[in-house]
Every structure is written in C-alpha cells, then in structure tokens.
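Encoded as structure tokens, the structure appears first; notes follow it.
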Amino acid sequence: MKFALAASRFVNGDLAFNLSQIERDMEAAAGEGAALLCFGEAFLQGFDAFCWRYAADREVAVPRDGAVMRQLCALTARYGVGLLVGYLERDGEALYSSCAVMDGGVLIHNYRRVSRGWKEFTRTDEHYREVGDTRAFSFRGRRLQVALCGDLWDCPARFRTEHLLLWPVYVDVTPGEWADAEAEYAAQAALAAPQVLMVNALSDAPRSWGGAYYFAGGKTAARLPLGQEGILYVDL
C-alpha cells in the first residue's frame, strides 16, 4: 500500500487556500497510485488559526459532519485516494485538535488529540478539550493507528501497537535544530510502533519548515527534508 506524506504549505485562517492545497496534492497522489494522502496537524485551518478566545475560535473550527468535511469526503471519491488531515474540530460547544480519515466519499475515522500541548492551556477554558480514544481503525483492510504530535511525547505507551502508526505533527524547529532532533523523533516514535509515518507542514507566519519521514525501528528509513514543499511516497 502506497502512502503519500504531504509536506505542504498552509496559511493560518485561509480555509480556501488550504483546501486548494489539499486538492492539488490529492490529484498528484492519485497520479502516483497512492492509497492514502496524509497532512500535518491542524492543516485544514492552520495550526495557529485559533486566537484562544472562545467566541472567535468557535467560528474557526468545523464540525466533522459539516459542509467543509463533506467537501473533502467528496474529493476522496473523485480522486480515488484516501485522505488523512488534521483540523480544528467543533463538536457542540467543545473544540478539539482532531484528525479525520476519509475514503470513498465517507469519513471512516475521527481521532482527537489526547495531549494538551496543542493549545495555550493557561488561556483556555473547558471548551478546549482532549479525549482518550486511541484505538486502531481499518483502512482498505489494513489496521492503522493515529497519534497527533505531542501525544507520542506525553504518553507513548498509550499508542503502543504493531500496526503502522500515522503521526501528523506541527513542528517549528529550524533546519539547524532538526539536524539533532530528527534522531530524537525517530527514537520517540519507536516507543510506540516499529513503523511510523510522520508528516509536518510548512508555513510562513509563524515559520514552519515542513518535513516528512518514515521511521522504522527507531531510525529514519526515508525522508523529505525540511524546507522542501512536496510529497514523500512510501510503499509499505
């Protein structure tokens, strides 16, 4: 099964631009015969799209069964490629950093981050939440599991699995800092799973340099280096 990790650029708060990036990459992934295209944490709205004022953030977040997510589901049917995308979710009055997996026109899995590092927790209230469901799911007959960014740093044992682990992140370290940090991320991923696919996004304000990685046995087996907007394909 071919996986596509999209180290693509988002613009915070620009939903139309970010949607266009997703569709562009879906078309490219379809041309390469990929089964699942993966984006980083909160890619849909941008990782820094929240301002930590609930009334405003509630309007930025989208429900998993709303029009935007239905639009993304429709793209998976159009291009024949599954989609994993991080987004800021609204469910009733609650807000989450979530990750949706779609295929064949439908949402097949919705994961919510369990660690609190996605938010300014000294400024937020009970509307900004984390939950504890870390179960694997089935994608085209294969069992997969998802963790979001700090989940594997705060509680890697909760994600321990023999399944392939998909790890969308938002990492804003510089390329120079990443030269040392890459090995640390690979080793941390190995605490949860023998095979991990990690994908990060690029952004200009604030600056993030992207990067996509296949970690196997605590080592980097394939990479798309920081600073390059593109797609890493991994056949597993």
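The values are calculated or read from the model by the stated rules, or taken from the named source; none is laboratory data. This structure is a prediction, so every number in the text was calculated from the model and none was measured. All Cβ positions, glycine included, derive from the backbone under ideal geometry; neighbour counts span all protein chains shown. Accessible surface is based on the protein model in full, side chains and every heavy atom, while ligands, DNA and RNA are left aside. Shrake-Rupley method; radii C 1.70, N 1.55, O 1.52, S 1.80 Å.
Side notes on the structure shown:
- Exclusive hit being free of Cβ contacts under 8 Å to residues at least 40 places away in the same chain, in contact with a His (Cβ under 7 Å, 6 or more places away or on another chain) and basic (Lys, Arg), set 135, 129, 143: 143
Yes/no per residue for (1) in contact with a Ser or Thr (Cβ under 9 Å, 6 or more places away or on another chain); (2) at pLDDT 95 or above; (3) over 28 Å from residue 104 (Cα atoms):
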residue	(1), (2), (3)
154	yes, yes, yes
183	yes, yes, yes
209	yes, yes, yes
212	no, yes, no
218	no, yes, yes
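- Residue within the stretch 175-197 that is open to solvent by 20 Å² or more (accessible area, probe 1.4 Å) and in a strand (DSSP E or B) present: yes
- Some residue of the stretch 150-172 being touching a Phe, Trp or Tyr at 6+ places or on another chain (Cβ under 8 Å), under 27 Å from residue 93 (Cα atoms) and of a type in the set (Val, Ile, Thr): no
- Test: residue in the stretch 219-228 that is among the charged types (D, E, K, R) and over 28 Å from residue 49 (Cβ atoms): yes
- For the stretch 69-126, residues that are over 15 Å from the mean Cα position of the chain (by Cα), open to solvent by less than 10 Å² (accessible area, probe 1.4 Å) and polar (S, T, N, Q) total 1.
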